[in-house]
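Visitor: Sharing a structure below in structure tokens format, with a few things to ask.
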Amino acid sequence: MIAKVKDVQMFLDLPGVHDGKRITAAPDKKGDIVTAKVSLLELEQIQKSPVIVTLSSTQPLKLMLRDTLQEIGIPPIHSPETNEGNGVIIGIIDQECDFVHSNFRNSDGTTRLLSLMTQKVNFNDEHTVEVVYTAKQINAALQNPDPCRSLGYDPGYGSHVTHVMDIAAGNGLADMSPGVSPKADLIFVEPDYRDIKNEEMGYLGDSLKLLNAVKYIFDMARNSPCVVNISLGTNGGPYDGTSLFEQGIDGLVNLIVWWFWPQVMNLKIMFMRPVLLKKVVLQICNGQSLKAIQPLMNWSFGILEKKSFALNC
């Protein structure tokens, strides 16, 4: 149970209260928030105690990814309606990838990452160096007690991409809760976020590095079906496909489908312009658009020699 009490020690001394712990003072300063296990036989008396301001039962927690997949219309794993992303490459441009995580490894412990690339700015000449770690190098590092130190790449404590990539392609080996495409191969690129002018960490890197990252993933994928997710964005630019960054993406693909969502919750499509060529690009301009695009994403996963591009902007 979780309770708000007038006196912590008096609460801990109540019959039937076990493993009690003070968490913090209540925001209104009229008591303390505590947690404890309580005997059902004593619960009524505990609730009547004058030391109790209010109490509530605890709420069970569970892994929610399985429910999320059902909500967005993903067929059950091992269903004949899906190949679970087999043969597809998912490229993710983000920050701090926990490549050691079991959900990004095969059952034999080897990595599912085809490549991990980081961009590093040399402040002396302002050139960006692309450091590429191959699957062979990652597998060798995974044999060591400290894989991050062995590889020379430390994801740190943020690991935003670990969350994103697990939803997209985690295989569930760690928690039995796989993502959308648990059999897809993975490519990860971490752009450099530092501001060259003041040598401090920035927020988004820049579109030059981002475009180079997209090209790297498509080059690595060659003719394989490929989906690219970018968990980065900016408020700048016209958002109409005319910026040089967007023209650069146009040049990397052949089939372009632009989706524009208003900044509202109803996800109505404002504009859609398909050009019937060979590969697929999706520009998602709202973080709530996953459910709306899922049918097309499923379609693109099932067709050979198609490429998809997802930009969360």
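Visitor: Out of the residues in region 1-43 that are assigned to a strand (DSSP E or B) and in contact (Cβ under 8 Å) with a residue 40 or more places away in the chain, which is surrounded by the fewest Cβ atoms within 10 Å (Cβ to Cβ)?
Guide: 2
Visitor: In the set 20, 91, which member is at pLDDT 85 or above and within 30 Å of residue 223 (Cβ to Cβ)?
Guide: The conditions single out 91.
Visitor: With the structure loaded, tell me whether residue 249 is at pLDDT below 70, of a type outside the set (Phe, Trp, Tyr) and open to solvent by less than 30 Å² (accessible area, probe 1.4 Å) or whether it fails that test.
Guide: Here the answer is no, as residue 249 does not meet what is asked.
Visitor: Can you name the residue in region 136-170 that is outside any helix (DSSP H, G or I) and open to solvent by 60 Å² or more (accessible area, probe 1.4 Å) and, of all such residues, is modelled with the lowest pLDDT?
Guide: My answer is 157.
Visitor: Only one of 111, 128 is of a type in the set (Ser, Thr, Tyr) and under 21 Å from the mean Cα position of the chain (by Cα). Can you tell me which?
Guide: Result of the check over 111, 128: 111.
The values are calculated or read from the model by the stated rules, or taken from the named source; none is laboratory data. None of these values were measured; they are calculated from a predicted model. For neighbour counting, all protein chains shown are included, and Cβ atoms are generated from backbone atoms with ideal geometry for every residue, glycine included. Heavy atoms of the whole protein, side chains included, go into the accessibility calculation; ligands, DNA and RNA do not. Shrake-Rupley method; radii C 1.70, N 1.55, O 1.52, S 1.80 Å.
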